[in-house]
Amino acid sequence: MKMKTILLIILLAISLYCFAEETAQDSTVTQPKITFLELGSTTCIPCKQMEKVLESVREKYGNQIEVIFYDLKEEKEMAKKYRIKMIPTQVFLDENGVEIHRHVGFYPEELIDKFLQEQGLKIVSNLKEE
């Protein structure tokens, strides 16, 4: 009987330790510092040119940034929400969802990098050019 009690206590302790460890890891998951919204269309030429830029930014900055593309032909409510007059439009939000920057038209990656680094983001992955 004592052996069963001891085993039960050990199993309980191990379970609590694993739960605490998992909870600690969950709390270290970071929310992106910046959300980068690309509002455009899959048929507009400058929007298509932005696709490579979006992917590169996503890979270079990792979990510091969330990059989201909205096709405004499909998601018309986003055009209203963000008051889009022309496409493509890039909207940058801080971690609280507050707009901190906006650009209309093709946005060169070098200028996006400059802006993001001014906001404190660091490049975590350098992509090799093909």
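No lab work stands behind these numbers, since they all come straight from the coordinates. What you see is a predicted model; the values in this text were computed from it and never measured. For neighbour counting, all protein chains shown are included, and Cβ atoms are generated from backbone atoms with ideal geometry for every residue, glycine included.
Whole-Hz Karplus ³J(HN,Hα) for segment 64-72, in order, using 6.51 cos²θ - 1.76 cosθ + 1.60 and θ = phi - 60°, x for Gly and Pro?
Taking θ as phi minus 60°, the curve returns 6, 9, 10, 10, 10, 9, 10, 7, 5 Hz for segment 64-72.
When the label point is put 7 Å from the Cα of Ala79 along its Cα-to-beta-carbon vector, which residues of segment 88-107 have a backbone N closer than 17 Å?
Inside the label zone: 88-91, 104-105.
Compute the length gained on full extension between Lys122 and Glu109: take 0.36 nm times their separation in residues and subtract their Cα-Cα distance, giving the result in nm to one decimal.
Details: separation 13, 0.36 × 13 = 4.68 nm, distance 1.45 nm.
Value of the extension gain: 3.2 nm.
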